[in-house]
Amino acid sequence: MQHLDGNALAGALAEFLSFDVTTAIARCNGCGATDEFARAIVFTSPAGTVVRCPSCDHVLATLVESGDRAWLGFSGVSAIEVRRG
Amino acid sequence: MIGRPSVPRSGWHPATVVANTPETTSAARLELEVEGWPGNAAGQHLDVRLTAPDGYTATRSYSIASSGPATGDVTRVVLAVDRVPDGEVSPFLVDVARAGDRVEVHGPLGAFFVWQPAAASAAAAGSGESDAAGGPVPSAPRPVQLIAGGSGVVPFVAMAQAHADADDATPFRLLYSVRTPADVFFAPEFERLVSASAPFRLDLVYTREAPAGWPMAPARITREALAEAVLPASDAPLVYVCGSTGFVERVASWLIELGHDARAIRTERFGGT
Ligand SMILES: Cc1cc2nc3c(=O)[nH]c(=O)nc-3n(C[C@H](O)[C@H](O)[C@H](O)COP(=O)(O)OP(=O)(O)OC[C@H]3O[C@@H](n4cnc5c(N)ncnc54)[C@H](O)[C@@H]3O)c2cc1C
Ligand SMILES: [Zn+2]
């Protein structure tokens with residue numbers, strides 16, 4: 001299956017979050033690595049989007065969209081560092 | 001440095017195609033007039049949304065070949081789209097879209113894959129900016145190595161143009177892998193950029209067919225060819241890599257093997273293999 005990276009999710013997540021996700025730094029709760037979200041590996045399919053840790057492949061986040069609703073999960077992220085301004 | 005540039009806020013904007021011209025044998029250059037576009041930094045992308053008469057929508061990301069502040073109520077934005085055979089959106093944009101067509105664009109998007117001239121990043125440094133590794137901002141700008149495969153060059157033409165427009169002294173180098181001479185995107189622009197006063201060097205690698213008399217036989221880029229054509233790790237360049245997912249991952253792993261700092265490498269995957 002082809003995959004992308006966190007840059008590709010900038011638009012989809014800007015619909016819900018007021019910060020730029022590509023430069024936000026996520027801490028993986030699988031391996032503890034901290035990385036810009038742009039460096040994460042992104043798998044998209046008609047069922048939804050899965051974001052994986054670039055260091056250990058742990059699932060960081062999921063996005064499922066259907067009609068007028070979206071389900072946003074950050075089950076594998078213990079913290080997100082967002083720059084103000 | 002270019003750690004976390006501040007970029008305009010994203011939003012959805014109505015846009016009109018004002019020109020669709022052939023860019024290469026398989027790609028088109030699209031100029032859009034975007035209502036309320038807030039301007040964008042070099043390297044950012046936008047999402048294009050097409051809506052069919054029955055309400056079905058398809059959205060895809062495209063890098064922006066232009067950059068700069070907003071210019072009034074309507075701003076001209078340049079894209080370059082390569083046709084993916086059997087694709088849903090790219091054949092429409094390349095072969096069907098014409099002047100007057102309306103689309104929606106969401107952007108500008110992404111502050112990660114961005115380069116800003118030293119003047120702009122110095123202003124950011126003054127407000128306590130730090131580099132990607134979280135360290136203090138070095139006073140001399142780090143040289144920049146850009147590495148593109150095919151349409152992956154689109155964000156780089158914006159960066160190289162911003163570099164030239166600012167007459168920025170940062171050494172800039174672009175390694176550009178293309179199939180044939182007819183597949184070079186933005187050829188006239190690069191010709192001008194190479195002779196502009198801002199230091200910019202272009203190294204082309206042809207993978208299927210080279211121009212007559214070209215010193216290298218056409219071949220896919222190798223780790224050895226990469227080592228010869230990019231700034232060495234000892235120069236501590238910032239490295240940007242963009243193109244198909246397969247290209248980006250091959251190049252990024254070779255860069256690490258060649259001693260480049262993983263933190264100094266920024267990648268953007270376009271999809272495909
Ligand atoms: C941040 C970002 C910026 C991008 N910028 C550009 C740009 O400036 N110019 C540009 O031409 N494209 C760019 N792309 C790729 C673009 O978003 C689309 O993926 C591409 O146009 C194909 O869309 P499609 O609807 O025609 O194909 P789809 O219907 O989505 O896919 C059809 C088939 O082609 C394969 N495929 C999907 N994408 C690609 C690809 N890029 N290369 C080869 N095969 C592919 C799929 O696996 C699928 O099998 C960018 C992508 C991202 C994430
Ligand atoms: Zn991890």
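Things worth noting here:
- Residue-averaged [θ]222 nm for chain B, counting only DSSP H segments that reach four residues, each worth -39500 (n - 2.57): -5500 deg cm²/dmol
- Charge dipole of the protein assembly as shown about the Cα centre (unit charges at C-beta), most positive-ward option of B:Gly68, B:Phe113, B:Thr24: B:Phe113
- Along its principal axes, the range A:1-67 has C-alpha extents of 35, 29, 18 angstrom, given from the largest down.
- Normalised by 2.2 N^0.38 Å, with N the number of residues, the alpha-carbon radius of gyration of the protein assembly as shown equals 0.95.
- Cα gyration tensor, the range B:65-109 - rounded (a/c under 1.5), prolate or oblate: prolate
- Accessible surface ranking that places the most exposed of A:Trp71, B:Trp12 first, with a 1.4 angstrom probe: A:Trp71, B:Trp12
- Across chain B, the mean sequence separation of Cα contacts (distance under 8 Å, 6 or more residues apart), normalised by length, yields a relative contact order of 19 percent.
- Taking chain A and dividing mean pair separation by its residue count, relative contact order in percent (alpha carbons under 8 Å, at least six apart): 27 percent
- For the range B:1-91, diffusion coefficient by Stokes-Einstein and Kirkwood Rh (Cα), 10 °C, 1.306 mPa s, µm²/s: 111 µm²/s
- Check: chain A dipole with +1 on Lys, Arg Cβ and -1 on Asp, Glu Cβ, in debye: 160 debye
- Long-range HN-HN contacts of B:Ala111 with modeled amide H, under 5 Å: A:Thr22, A:Thr23
- Protein-only accessible surface order, largest first, of B:Glu189, A:Glu36, B:Glu33, A:Glu15 at 1.4 Å: A:Glu15, B:Glu33, B:Glu189, A:Glu36
- Once A binds B, the 1.4 Å probe can no longer reach about 2000 Å² of accessible area, counting both sides.
- Karplus 3J(HN,Hα) series, Hz, for the range B:73-84 with 6.51 cos²θ - 1.76 cosθ + 1.60 (x for Gly, Pro): 6, 10, 10, 7, 10, 10, 10, 9, 10, 8, 6, 8
- In order through the range A:55-62: 3J(HN,Hα) via Karplus (6.51 cos²θ - 1.76 cosθ + 1.60), integer Hz, x for Gly, Pro: 8, 10, 6, 4, 6, 8, 8, 9
- Among A:Val51, A:Val64, A:Val21, residue whose mean-square fluctuation peaks in a GNM of chain A (springs only between Cα atoms under 10 Å): A:Val64
- Along its first, second and third principal axes, ordered by size, the range A:28-83 spans 34, 23, 17 Å in Cα coordinates.
The values are calculated or read from the model by the stated rules, or taken from the named source; none is laboratory data. Quick caveat: nothing in here was measured; it's all calculated off a predicted structure. All Cβ positions, glycine included, derive from the backbone under ideal geometry; neighbour counts span all protein chains shown. Just so you know, the surface numbers come from the protein's heavy atoms only, side chains and all, with ligands and any DNA or RNA stripped out. Shrake-Rupley method; radii C 1.70, N 1.55, O 1.52, S 1.80 Å.
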